[in-house]
Amino acid sequence: MATYSSSSPWNNTRFRGNRYLDILQIRPVPADADDFLYEIETQYTYRPDLLAYDLYDNYKLWWLFAQRNMNVLKDPVYDFTAGTEIYLPKASNLQNLLGV
């Protein structure tokens, strides 16, 4: 049976038997007082993984943007376009949030 790292959006999702994941258990990314508003730059259009790498040194944290900004990013990739304003959690808060 596979296990998922603490940076994975599937970390809280259990397995059914030994072969299949159960229904996704969403990992909430709650608003924090020191989150900052960020306007997506052109080089990150459709590439939340690149922004996650540049901010957090971990491209696997791309899903944080979609979870934190569910009202803005309906599609986590195709809505990730230049000029869109989203809230980002500070890297220092990720330890408490994810244990990363």
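Please treat every number below as a calculation from the coordinates, not as lab data. Bear in mind the structure is a predicted one, so any value in this text is a computation, not a measurement. In this analysis, Cβ positions are derived from the backbone assuming ideal geometry, glycine residues included, and neighbour counts consider all displayed protein chains.
Here is how the numbers come out for the structure above:
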item	result
Members of segment 64-78 that are out of contact with any helix residue (DSSP H, G or I) (no Cβ under 8 Å at 6 or more places or on another chain) and within 19 Å of residue 31 (Cβ to Cβ)	67, 68, 69, 70, 71, 72, 74
Sole residue being farther than 21 Å from residue 98 by Cβ and among the hydrophobic types (A, V, I, L, M, F, W, C), chosen from 64, 37, 50	37
Matching helices (runs of 4 or more DSSP H) fully within segment 8-100 where at least 3 residues are loosely packed, with under 14 Cβ neighbours inside 10 Å and either touching a residue at least 24 places away in the same chain (Cβ under 8 Å) or not aliphatic (A, V, I, L, M) (or both)	91-98
